[in-house]
1. Open to solvent by 70 Å² or more (accessible area, probe 1.4 Å), touching a strand residue (DSSP E or B) at 6+ places or on another chain (Cβ under 6 Å) and assigned to a loop (DSSP other than H, G, I, E, B) - does that describe any residue in the stretch 121-139?
2. Take the conditions under 21 Å from residue 6 (Cβ atoms) and among the basic types (Lys, Arg) and apply them to residue 100. Does it pass?
3. Looking only at residues that are basic (Lys, Arg) and assigned to a loop (DSSP other than H, G, I, E, B) in the stretch 88-119, which one is nearest to residue 17 (Cα to Cα)?
4. Can you find, within the stretch 31-44, the residue that is surrounded by the most Cβ atoms within 10 Å (Cβ to Cβ) among those that are over 15 Å from residue 71 (Cα atoms) and of a type outside the set (Gly, Ala, Ser)?
5. Only one of 129, 138 is at negative phi and within 14 Å of the chain's Cα centre (by Cα). Can you tell me which?
6. In the stretch 45-60, what residues are aliphatic (A, V, I, L, M) and in contact with a strand residue (DSSP E or B) (Cβ under 9 Å, 6 or more places away or on another chain)?
7. Going through the stretch 14-30 one residue at a time, which ones are open to solvent by less than 30 Å² (accessible area, probe 1.4 Å) and either without any contact (Cβ under 8 Å) to a residue 24 or more places away in the chain or more than 16 Å from residue 91 (Cβ to Cβ) (or both)?
8. Go through the stretch 1-29 and give me each residue that's assigned to a loop (DSSP other than H, G, I, E, B) and either closer than 21 Å to residue 128 by Cβ or not polar (S, T, N, Q) (or both).
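The values are calculated or read from the model by the stated rules, or taken from the named source; none is laboratory data. This is a predicted model, so every value here is computed, not measured. With ideal geometry, Cβ positions are generated from the backbone for all residues, glycine too; neighbour counts draw on all protein chains shown. We work out accessible area using only protein heavy atoms, side chains counted, and drop any ligands, DNA or RNA first. Shrake-Rupley method; radii C 1.70, N 1.55, O 1.52, S 1.80 Å.
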Amino acid sequence: MSLARRATPQDAEELVRLRKVMHDSHIGPNPDVSWQPAAVDTLRKKLADPAGDLTAFVVERPGGLAACAVGTIEYRLGGPGNPRGTSGYVFSVATDPDMRRRGCSRACMEALLAWFRERGVPKIDLRASSEGEPLYTSLGFVRTPDPAMRLTL
């Protein structure tokens, strides 16, 4: 079993590297890395606030990170079943290809879910790849009927 720890600002570059690994494995290799400096900067700032609404959990390997799971707490107007209006969103769950099938992503996800519980978040969403869906199902996630829509400005 791999042990996950909470990410620090010093992990930002490796977290962004793993995010690219995730994107490349789903979409195909993309040489565009122009987005990475801004992502590193944002992560450093967000991870520096231990009481903040974004965190990541990581599993280390020699020379860097093997896996990560990043999550954020989102706020909307409260309603039945969620009077505070808080929900969690999981994204950027990634494992280096040579470290897969060793429990790294599971360890990161379990730690992230515990963080959400500690913060009183009653509902957590994510988008699952076909490769990741068995892990998420085993952790209790279920498919929802709500279709997603997006507007890019």
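1. yes
2. So residue 100 does not fit the description; no.
3. Per the stated criteria, the residue is 100.
4. Top of the filtered list is 40.
5. From the options 129, 138, the qualifying one is 129.
6. 47, 54, 56, 58, 59
7. 28
8. Scanning the stretch 1-29 gives 1, 2, 3, 4, 7, 28, 29.
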